[in-house]
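The values are calculated or read from the model by the stated rules, or taken from the named source; none is laboratory data. None of the values given here were measured: they were computed from a predicted structure. Neighbour counts run over all protein chains shown; Cβ positions are idealised from the backbone, glycine included. These accessible areas exclude ligands, DNA and RNA; they are computed on the full protein's heavy atoms, side chains included. Shrake-Rupley method; radii C 1.70, N 1.55, O 1.52, S 1.80 Å.
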Amino acid sequence: MTITHVTDDIGLAARALRDGGLVAFATETVYGLGVDATNAQAVRRLFEAKGRPTDNPLIVHLGGLDQWSLAAAELNEVAQRLLTAFAPGPLTVVVRKQPAIVDAVTAGLNTVGLRIPNHSQAIQLLRLAGHPIAAPSANRSGRPSCTTWQSVLEDLDGRVDYILKGPDCAIGIESTVVDCTGPVPRELRSGAITFDQLRGVVANLRACQPQTSDQPPTSPGRRHAHYQPSAPVKLLESMSELCELPPAALRDCTLAELIDSASVKSRWPAQAGDQTLGVVGDKCFLLHRRFASISEYMQGFYEFLRESDRLGAALIYVHVPPHNDKSAALRDRQKRAAGYRE
Ligand code: TXA
Ligand code: MG
């Protein structure tokens, strides 16, 4: 068993990465679990530590756009336009891979996901490490991602060498992934940078089509279970669905709810209770988190799921926000937390 050290020493963490260690670190999206992407043995250890299926490729992180050639063989025009607009930031571009990146990182694909986090501690760490750093989200495979170092410790204690203590992640869900290698750029995973924002830069961007099993996987990660707490998750398109249930049925449940003014007015029936507080009539939950905006909801969503598990919730109710460009990524994670996969 590995001894996990929690540290705030960036130099120590960078040295561990150079020596083939596994180091969890904060980014603006979620915590990542970093490893030298040119070290095959270290990469193998990382897949084991997470329990990650080996057909799901990892994103390679760089400390600046100037380092792109550490990971990519070339940056075509689409990738350049996207990176110029959104790097550093919550965007991953899939481009042709540089041979020094070991095959296990890209699950045998000849492409690589490349990201430059908008996070000063992560940038310092990556620049000090000096290597391209493969970093999946720092959670046990299948579980909700971690947005606090304490949650990383909860999932990965005894499995990784270091956890670099950082602040809670500001965005809270993973980067948007765009495949730039085909004739038409394609969004593979929604994220904090929205489809409309990307479209403003690459007008011919397509959304990802659900895949059939006879097609070669363009984004293998979409097939696996993700973001799932131990307790089952039930999605609520409308809060009024809860009103019909007896209070006793909800006592061991938790609830996450969006209470921005638009959704409160349009979604709550008058008899449901105090609309400003978001109390559901006479019902009482084990935990009731209220989020005032989509960005607040994104930031707190995974920690809400984890807290529900810590409290031993029997069922987790998740209020789904109205569908629009800004809510697409959160809705995607909510669906997957509830068990949906392609
Ligand atoms: O915000 C993020 O992206 C976080 C932080 C740590 O940077 N990382 C993250 O990594 O979410 P992970 O491993 O949990 O998700 C990586 C996603 C998967 O869906 C994977 O299939 C996709 O990126 N991906 C990576 N490389 C790819 C490639 N070459 N082609 C297609 N999809 C790729
Ligand atoms: Mg992940």
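Against the condition within 15 Å of ligand 2 (Cβ to nearest atom), in contact with a strand residue (DSSP E or B) (Cβ under 7 Å, 6 or more places away or on another chain), open to solvent by less than 10 Å² (accessible area, probe 1.4 Å) and β-branched (Val, Ile, Thr), how does Val35 come out, does it pass?
Yes: the conditions hold for Val35.
Among what's in the range 110-161 and is among the basic types (Lys, Arg) and within 13 Å of ligand 1 (Cβ to nearest atom), pick the residue that is farthest from Leu70 (Cα to Cα). It would help to see each step written out before you state the result.
Step one: of the range 110-161, the residues among the basic types (Lys, Arg) are 115, 127, 140, 143, 159.
Still in the running and within 13 Å of ligand 1 (Cβ to nearest atom): 115, 140, 143.
Values: Arg115: 12, Arg140: 28, Arg143: 30 Å.
Out of the qualifying residues, it is Arg143.
Could you say which residue among Thr106, Thr54 is part of a loop (DSSP other than H, G, I, E, B), open to solvent by less than 10 Å² (accessible area, probe 1.4 Å) and more than 17 Å from Glu174 (Cβ to Cβ)?
On inspection, the qualifying residue turns out to be Thr106.
Could you look through the range 191-211, keep only residues that are within 11 Å of ligand 1 (Cβ to nearest atom) and open to solvent by less than 20 Å² (accessible area, probe 1.4 Å), and pick out the one that is nearest to Ala138 (Cα to Cα)? Give the steps one after another, and end with the answer.
If we filter the range 191-211 for residues that are within 11 Å of ligand 1 (Cβ to nearest atom), which is where we start, we get 191-193, 208.
This time we only want the ones that are open to solvent by less than 20 Å² (accessible area, probe 1.4 Å), so: 191, 193.
Details: Gly191: 17, Ile193: 21 Å.
The selected residue is Gly191.
I'm checking my understanding of the structure. Among residues of the range 239-251 that are surrounded by 14 or more Cβ atoms within 10 Å (Cβ to Cβ) and part of a loop (DSSP other than H, G, I, E, B), which one is nearest to the chain's Cα centre (by Cα)?
Checked the range 239-251; the qualifying residue nearest to the chain's Cα centre (by Cα) is Met239.
Any residue in the range 61-88 that is within 16 Å of ligand 2 (Cβ to nearest atom) and assigned to a helix (DSSP H, G or I) sitting within a Cβ distance under 9 Å of a residue that is at pLDDT 95 or above and open to solvent by less than 10 Å² (accessible area, probe 1.4 Å)? List the pairs, counting only those 6 or more apart or interchain.
Sorted first by the residue in the range 61-88, then by its partner, the list stays empty.
Across the range 123-146, what is the total count of residues that are open to solvent by less than 30 Å² (accessible area, probe 1.4 Å), more than 16 Å from ligand 2 (Cβ to nearest atom) and in contact with a Pro (Cβ under 9 Å, 6 or more places away or on another chain)?
Counting residues in the range 123-146 that are open to solvent by less than 30 Å² (accessible area, probe 1.4 Å), more than 16 Å from ligand 2 (Cβ to nearest atom) and in contact with a Pro (Cβ under 9 Å, 6 or more places away or on another chain) gives 1.
For the range 325-340, enumerate the residues that are part of a loop (DSSP other than H, G, I, E, B) and open to solvent by 30 Å² or more (accessible area, probe 1.4 Å).
In the first step, residues of the range 325-340 are kept if they are part of a loop (DSSP other than H, G, I, E, B); the result is 325-327, 338-340.
Passing the criteria: Asp325, Lys326, Ala338, Gly339, Tyr340.
Among the residues of the range 222-231 satisfying the criterion of being out of contact with any Ser or Thr (no Cβ under 7 Å at 6 or more places or on another chain) and surrounded by 14 or more Cβ atoms within 10 Å (Cβ to Cβ), which is modelled with the highest pLDDT? Don't jump to the end; show me each part of the working.
Quick first cut of the range 222-231, residues out of contact with any Ser or Thr (no Cβ under 7 Å at 6 or more places or on another chain) only: 222-226, 228, 230.
Pick out the ones that are also surrounded by 14 or more Cβ atoms within 10 Å (Cβ to Cβ) and you get 222-226, 228.
Numbers: Arg222: 65, Arg223: 66, His224: 76, Ala225: 81, His226: 89, Gln228: 96.
Of everything passing the filter in the range 222-231, Gln228 is modelled with the highest pLDDT.
Residue-wise test of (1) surrounded by 21 or more Cβ atoms within 10 Å (Cβ to Cβ); (2) under 22 Å from the mean Cα position of the chain (by Cα).
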{"position": "Asp19", "(1), (2)": "no, no"}
{"position": "Leu22", "(1), (2)": "yes, yes"}
{"position": "Glu28", "(1), (2)": "no, yes"}
{"position": "Gln41", "(1), (2)": "no, no"}
{"position": "Arg44", "(1), (2)": "no, yes"}
{"position": "Leu65", "(1), (2)": "no, yes"}
{"position": "Glu74", "(1), (2)": "no, no"}
{"position": "Lys97", "(1), (2)": "yes, no"}
{"position": "Val102", "(1), (2)": "no, no"}
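How do the pairs read when you match residues in the range 116-143 that are within 24 Å of Arg336 (Cα to Cα) with residues anywhere that are of a type in the set (Gly, Ala, Ser) and surrounded by fewer than 24 Cβ atoms within 10 Å (Cβ to Cβ), using Cβ under 6 Å and keeping only pairs 6 or more apart or on different chains?
Matching pairs, first to second residue: Arg140/Gly51; Ser141/Gly51; Gly142/Ala225.
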